[in-house]
Amino acid sequence: MQFGLFNAPFHPVGQNPTLALERDIQLVEHLDMLGFDEAWFGEHHSGGVEIFGSPELMIATAAARTRRIRLGTGVNSLAYHHPFILADRWVQLDHLTRGRAMFGAGPGALPSDAYQMGIEVSEQRRMMEESLEAIVALLEGDAPVTCKTDWFELREARLHLRPYTWPMPDVRVAAIVSPAGPRAAGRFGLGLLSMGATGHDGFNALADAWGIVTERATEFGHAPDRRRWSLVGPMHLAPTEEQARKDVEYGLLEWYRYFITASPHPLPPVSTVEEAADTMVSTGMAVIGTPQQAIDQIERLIRQSGGFGTYLIMGNEWADWPATLRSLELFARFVMPHFQGQLGVRRDAFAWLEERSSRFRDQFSSAQQKATDAHRAEKEHRATQAVGGGQA
């Protein structure tokens, strides 16, 4: 299993946005150092909190300051863009990052975005699939693309750059509850990005999501790969559950209130940070606790989904900067290696050593004594020879 961060982001409106954006890049640098595999940046245009208007700009900046972590658009809202322009811009990003960029596609998450652009929310999923069909054809580059819909047209369109990534970049389709994302992923042979995997409705949808992908993939001649299925859920970790609860007093309630206001899948109203934490933990939506509780949550998602490739922590500002960095470090130290086969072999090696430690200690002591005795015997022999030589 691989791991990463999904950063919408969620920045309280009272903060300096310039510093918030810089901190987001620093966070990806920290993830790269810790060994995380992926970081995803959202696209939103209203509300004042989720302030990435262009995930591509975040990727380009982060790529220049990191070494190995892959960087994704989480996600490009296809209904907001002409597919030719988006595909052309994205191929350039694929070259600039030397293949580290991933293309996340979705219809658009915030109804307020669509409203301001004059787009009907009820049309966004249909528009996403129409755009995705054109983008995939452009990225594959097998032939010029000609098509016309009620909102865009392509005339013998062909990108003048082939993608850096062969045969084509890693493309994943966003899903929350509706089958639109899994259907599109299966139809075009793409990966899936389940962004509300731990919410009540999103968690229930996991049971059928990959079945929909598989059914559609089979229909269109593709081979689905669960390794290209990413699940997103919020977590904050600390050495103890009590400390984790104390950490999130910093920003959880403000995040919760924004979520109620902006999300089409709202949470029950609360009045205190304690109520917010209790609601999210008791419903399984979030982990606010220890690395072991994070492990339990991921294993719960594995059972519900049947298996997936990447777990993405939903970025948030529940805790202050030092506590946020510590949470990610705890995740990297204890949670990631649990699912990557790195801990069992070490435990086995230590158990093997512990079982034989008395024998090895005795052998070592015997070897030390043998060397000491040999040294003493050599000294005595030389002393005897010296005395004998003097008498002669």
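The values are calculated or read from the model by the stated rules, or taken from the named source; none is laboratory data. These figures come from a predicted structure and were not determined experimentally. When we count neighbours, we look across all protein chains shown, and the Cβ atoms used for this are built from the backbone with ideal geometry, even at glycine.
General remarks:
- Hey, Gly309 under 23 Å from Ala332 (Cα atoms), surrounded by fewer than 20 Cβ atoms within 10 Å (Cβ to Cβ) and in contact with a Phe, Trp or Tyr (Cβ under 8 Å, 6 or more places away or on another chain) or not: yes
- Of the candidates Asp278, Asp296, Asp348, the single residue that is out of contact with any helix residue (DSSP H, G or I) (no Cβ under 9 Å at 6 or more places or on another chain) and modelled with pLDDT under 95 is Asp348.
- Residues of the stretch 11-26 classified as buried (at least 19 other Cβ atoms within 10 Å of the Cβ) and either more than 23 Å from Arg172 (Cα to Cα) or free of Cβ contacts under 8 Å to residues at least 24 places away in the same chain (or both), total: 1
- Yes/no for Leu328 being touching a Gly at 6+ places or on another chain (Cβ under 6 Å) and under 23 Å from Phe52 (Cα atoms): no
- Single match in Gly191, Gly199 (criterion: modelled with pLDDT under 95, within 20 Å of the chain's Cα centre (by Cα), surrounded by 20 or more Cβ atoms within 10 Å (Cβ to Cβ) and small (Gly, Ala, Ser)): Gly199
- Residue match in the stretch 151-168 (condition: free of Cβ contacts under 8 Å to residues at least 60 places away in the same chain, farther than 30 Å from Ile313 by Cβ and acidic (Asp, Glu)): yes
- All of Arg68, Arg126, Arg98, Arg89 fail the test of being under 24 Å from the mean Cα position of the chain (by Cα), in the same structural domain as Phe259 (by TED's automatic domain parsing), assigned to a helix (DSSP H, G or I) and of a type in the set (Lys, Arg), apart from Arg89.
- Some residue of the stretch 207-230 being assigned by TED's automatic domain parsing to the domain that holds Leu325, in contact (Cβ under 8 Å) with a residue 60 or more places away in the chain and closer than 20 Å to Val49 by Cβ: no
- Residues that are touching a helix residue (DSSP H, G or I) at 6+ places or on another chain (Cβ under 9 Å) and closer than 17 Å to Gly284 by Cβ within the stretch 303-317 comprise Gln304, Ser305, Phe308, Tyr311, Ile313, Asn316, listed in sequence order.
Matching residues to (1) surrounded by 10 or more Cβ atoms within 10 Å (Cβ to Cβ); (2) free of Cβ contacts under 8 Å to residues at least 40 places away in the same chain; (3) outside any helix (DSSP H, G or I):
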{"residue": "Trp318", "(1), (2), (3)": "yes, no, yes"}
{"residue": "Arg326", "(1), (2), (3)": "yes, no, no"}
{"residue": "Glu329", "(1), (2), (3)": "yes, no, no"}
{"residue": "Arg333", "(1), (2), (3)": "yes, no, no"}
{"residue": "Met336", "(1), (2), (3)": "yes, no, no"}
{"residue": "Gln342", "(1), (2), (3)": "yes, yes, yes"}
{"residue": "Leu353", "(1), (2), (3)": "yes, yes, no"}
{"residue": "Asp362", "(1), (2), (3)": "yes, yes, no"}
{"residue": "Thr372", "(1), (2), (3)": "yes, yes, no"}
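- Unique match (being touching an Asp or Glu at 6+ places or on another chain (Cβ under 9 Å), in a helix (DSSP H, G or I) and among the polar types (S, T, N, Q)) among Gln297, Gln293: Gln293
- Residues (among the acidic types (Asp, Glu) and either in contact with a helix residue (DSSP H, G or I) (Cβ under 7 Å, 6 or more places away or on another chain) or within 16 Å of Pro17 (Cα to Cα) (or both)) located in the stretch 33-65: Glu43, Glu50, Glu56
- Flag for Ile135 being buried (at least 19 other Cβ atoms within 10 Å of the Cβ), modelled with pLDDT under 95 and either at positive phi or not acidic (Asp, Glu) (or both): no
- Residues (surrounded by 23 or more Cβ atoms within 10 Å (Cβ to Cβ) and either within 17 Å of Leu31 (Cβ to Cβ) or of a type in the set (D, E, K, R) (or both)) located in the stretch 59-81: Ile59, Ala62, Leu71, Gly72, Thr73, Gly74
- Close pairs from the stretch 97-108: first more than 13 Å from His81 (Cβ to Cβ), partner assigned to a loop (DSSP other than H, G, I, E, B), Cβ under 6 Å, at least 6 apart: Gly99/Tyr164; Gly99/Thr165; Met102/Asp170
- Filtered residue count, the stretch 221-247, keeping only those that are closer than 14 Å to Val173 by Cβ and assigned to a helix (DSSP H, G or I): 1
Listed here are the residues, each with its yes/no results for (1) at pLDDT below 95; (2) of a type in the set (A, V, I, L, M, F, W, C).
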position: His222; (1), (2): no, no
position: Arg227; (1), (2): no, no
position: Val232; (1), (2): no, yes
position: Thr240; (1), (2): no, no
position: Gln243; (1), (2): no, no
position: Glu249; (1), (2): no, no
position: Leu253; (1), (2): no, yes
position: Ile260; (1), (2): yes, yes
position: His265; (1), (2): yes, no
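- Some residue of the stretch 260-270 being among the small types (Gly, Ala, Ser), under 19 Å from Ser178 (Cα atoms) and part of a helix (DSSP H, G or I): yes
- Tally of residues being surrounded by fewer than 19 Cβ atoms within 10 Å (Cβ to Cβ) and either modelled with pLDDT under 95 or under 19 Å from Val13 (Cα atoms) (or both) across the stretch 43-58: 6
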